[in-house]
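The values are calculated or read from the model by the stated rules, or taken from the named source; none is laboratory data. Since the model is a prediction, treat every value here as computed from it, not as a measurement. Cβ placement follows ideal geometry from the backbone for every residue including glycine, while neighbour counts extend to all protein chains displayed. Surface accessibility is based on the protein's heavy atoms, side chains included, excluding ligands, DNA and RNA. Shrake-Rupley method; radii C 1.70, N 1.55, O 1.52, S 1.80 Å.
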Amino acid sequence: MLPYHSLQEAEAALRRNLTVAETLWFNYSAHKSDYFLFCHNIFFLFLIFSIVPLPFVFLEIKRLAGFDKFKIQPKVRLSFDEMLRCYKDVMRMFFLVVGPLQLVSYPSVKIIGIRTGLPLPSGWEILSQLAVYFMIEDYTNYWIHRFLHGKWGYEKIHRVHHEYTAPIAFAAPYAHWAEILILGIPSFLGPAIAPGHMITFWLWIALRQIEAIDTHSGYDFPWSITKYIPFYGGSEYHDYHHYVGGHCQSNFASVFTYCDYIYGTDKGYRHQKKILQKLKEELTNGVEQDGGPYKNQSYKSD
């Protein structure tokens, strides 16, 4: 709750006129508690989990020719009922785990110093903090993900998420309840290290989940703006991880590719890419697949 009773009082305290964004924020949040503002995350996550996957669901059902060529695993198709069942499972975990976790984690948000008052952060401040949050989450998530691919971690927890060897958008948050709790730690570390405004925190939670949905969409569109983000993994990168399955020791990073490159856990993926590129070139040049060059070659990937 803001410590000002009027716009004039807020402007007097800041010694300047409020910006349009600050005026809107004052009108909305002045008489709302910080706890209520924090709990907006629950509503945002519900909308993101329910609405953002819908375009991919439409493409999966309609199989439009213009978009079908961008399907990463075109031979795998899920029915509407199967996708709906996935969504129901996600919503069950949302109401039993995600929502309650948000409700009880407010004290930690206050301790680290996420603020709700004026002035609002600048655009550059928001962008720089979001970049830091993504980098921290990606690095810590990488190591937790590697642990979850150990024998105990996979059999007891992570195998649930890998039930979808050809991921779909609704399956991005589909996971064991323990994994939801564990992977909440990397998401919280960034704001804990570089705390910012509640609006930045909202954006961080929303963008991270939207990114995860895109990564699990099963489609790789060449016009995606993420293609211009340095070291960004994307849907094709993570799809390989699901395709290989429980024995996969490649592509652990959640967002970027630098951790897998530095620690050598992208070798299987890069080897597979080289094989596919070679096959594509040879087929383009008129080489038949069942001819001599293919019979004595081994195309194993890590």
- request: List, in the order given, every pair from K110/K151; K71/K267; K62/K280 whose Cα-Cα distance in the structure shown is over 32 Å.
  value: K110/K151
message: Semi-axes of the equivalent ellipsoid for region 32-284, please: Cα gyration tensor eigenvalues, times 5, square-rooted, ordered largest first, whole Å.
response: 31, 21, 19
task: Note down the nm distance, to one decimal, between modelled labels 7 Å out along Cα→Cβ at M91 and at E281.
output: 5.0 nm
field: Peptides ranked, highest mean first, by Cβ atoms within 10 Å: ranges 49-58, 130-139
entry: 130-139, 49-58
message: Once R0 is set to 22 Å, what does the formula 1/(1 + (r/R0)^6) return for the Cβ-Cβ distance between W124 and M1, expressed as a FRET efficiency to the nearest 0.05?
response: 0.20
- line: Between the modelled labels at T226 and F58 (7 Å from Cα along Cα→Cβ) the distance in nm is 1.9 nm
task: Please list the non-local residues whose amide H lies under 5 Å from the amide H of F256, H modeled 1.01 Å from N, same-chain partners needing a gap of 5 or more.
output: G233
- line: Taking 68-77, 233-242, 220-229 and ranking on average Cβ neighbours within 10 Å, highest first, one gets 233-242, 68-77, 220-229
query: Where only protein heavy atoms count, and the probe is 1.4 Å, what is the accessible area per residue for the chain in Å²?
result: 54 Å²
- prompt: Can you pull the percent of region 80-124's accessible area that's carbon plus sulfur, 1.4 Å probe, other chains left in place?
  reply: 69 percent
task: Output the peptides 248-258, 143-153 sorted from most to least packed, where packing is the average of other Cβ atoms within 10 Å over each peptide's residues.
output: 248-258, 143-153
